[in-house]
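Asker: This is the structure I want to talk about, given as structure tokens.
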Amino acid sequence: MKLASLKQGRDGRLVVVSRDLTKYADASHIKPTLQAALDDWDIAAPKLAQLAEELEVGSVPSERFHEHDCASPLPRAYQWADGSAYINHVELVRKARGAEVPESFYSDPLMYQGGSDSFLGPRDSIPLGDPAWGLDFEAEVCVITGDVPMGASKEAALDQIKMILICNDVSLRGLIPGELAKGFGFFQSKPSSAFSPVAVTPDELGESWSSGKLHLPMLSTYNGEPFGKPDCDVDMTFDFGTLVAHAAKTRPLGAGTIIGSGTISNRDPDGGAGKPVAEGGLGYSCIAEIRMIETISNGEATTSFMQVGDTIRIEVKDEAGHSVFGAIEQDVVRA
């Protein structure tokens, strides 16, 4: 099934969305919000699934679904932890500044805890206070968990993945070096992220979800031009079972925890860093990555970060070309 939160109050109004994303049925009589459903998932999920089937056959009242009416599926969450599962991205970041990748990075996931109290909606504008902050988008896959006990195994963690969605993990690249130099991690450099209009249960994805990975391409369109189309399962060093278990190593995770994959990043078939879409490559899921490749190749980056008026669209389509989660489409405005 596919679930969304229409904009209403702080936590939205829960609705069930049709597979083709054209219509919805109100689900607030089952649970008022997605968080409430996750808190009582064993009871709520079968009722929501039944409503979803009734929606498909037209036996319940429905209305036209508009993605711009949506908040993020969880407009705010108890926890948002973002990993860096694509080591190709990490390798490029470090190579661009002449640093080696520590061996532990290949066996122990990187992860930071982001702000989760004020997510942007999938069609909300991104406010930019200062162009010098270096605004960037990051196209990612994310999962929403149920209750995960402390010390859960990879297999147990995988079983607690309730829904899958996609994300624009907004980053301010110009602020990151100074913050990391303090040795305390990200804060100001990671403003509000945005998530897809709908979240999808694993069973709904069929063979496109297996072994804790989404087996579909991530499509990014920047200012109307194709920017990236890497495959979400390729070059993913750590699957979501591993990422969730990593987050739960020393503490339990509450229902409604969101775990991110980090920027989707593929190597070229020849093992190279990757080429732009315009040159026949799979492109990139963030501006920073093409800037890293420009720096490695030419000694300096020439692609600018996002400016007021720029737009980014992030989407995943199935093999038939249908949108799976709906699209994140945002413009940049002056804060």
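The values are calculated or read from the model by the stated rules, or taken from the named source; none is laboratory data. Quick caveat: nothing in here was measured; it's all calculated off a predicted structure. Neighbour counts run over all protein chains shown; Cβ positions are idealised from the backbone, glycine included. Ligands, DNA and RNA are excluded from the accessible area calculation, which covers all protein heavy atoms including side chains. Shrake-Rupley method; radii C 1.70, N 1.55, O 1.52, S 1.80 Å.
Asker: Tell me the Rg and the Dmax, in Å, that the Cα atoms of the range 277-335 produce.
Answerer: 14.6, 41
Asker: Given a Förster distance of 45 angstrom, what is the FRET efficiency for Lys95 paired with Asp117, based on the Cβ-Cβ distance and rounded to 0.05?
Answerer: Given R0 = 45 Å and the Cβ-Cβ separation, E is 0.80.
Asker: Would you calculate a helix-derived [θ] at 222 nm for the chain, using -39,500 (n - 2.57) for each DSSP H run of n ≥ 4 and dividing by the full residue count, to the nearest 500?
Answerer: -5500 deg cm²/dmol
Asker: Which translational diffusion coefficient, to the nearest whole µm²/s, is obtained for the range 64-155 from the Stokes-Einstein equation, given a Kirkwood hydrodynamic radius over C-alpha pairs, 25 °C and 0.890 mPa s?
Answerer: Estimated diffusion coefficient is 147 µm²/s.
Asker: Nearest 0.05, what FRET efficiency do Asp42 and Gln8 give at R0 = 25 Å with Cβ-Cβ as r?
Answerer: 0.45
Asker: At q = 0.07, 0.10, 0.11 Å⁻¹, what log₁₀ I(q)/I(0) does a Debye calculation on the Cα points of the chain give, no solvent, two decimals?
Answerer: The computed values of log10 I(q)/I(0) come out as -0.27, -0.55, -0.67.
Asker: From the cross-link list Lys7/Lys31; Lys95/Lys182; Lys95/Lys190; Lys162/Lys190; Lys229/Lys275, which pairs have alpha carbons spaced over 18 Å apart?
Answerer: On the way: Lys7/Lys31 15 Å; Lys95/Lys182 21 Å; Lys95/Lys190 22 Å; Lys162/Lys190 25 Å; Lys229/Lys275 11 Å.
Listed pairs above 18 Å: Lys95/Lys182; Lys95/Lys190; Lys162/Lys190.
Asker: When the accessible area of the chain is computed with all protein chains present and a 1.4 Å probe, what percentage of it is carbon and sulfur?
Answerer: 49
Asker: Still on this structure: Find the accessible area per residue for the chain; the probe is 1.4 Å, ligands and nucleic acids are left out, and the unit is Å².
Answerer: 43
Asker: Can you give the Kirkwood hydrodynamic radius for the range 42-198, in Å, rounded to one decimal and based on Cα pairs?
Answerer: One decimal place: 18.4 Å for the Kirkwood radius.
Asker: Further, regarding this structure: Mean projection of the alpha-carbon convex hull of the range 187-335 over all orientations, in nm²?
Answerer: Averaged projected area of the range 187-335's Cα convex hull equals 11.3 nm².
Asker: Mind checking which helices in the chain clear 30 Å along their axis (Cα) and have mean Kyte-Doolittle hydropathy of -1.0 or more, DSSP H runs only?
Answerer: Long hydrophobic helices here: none detected.
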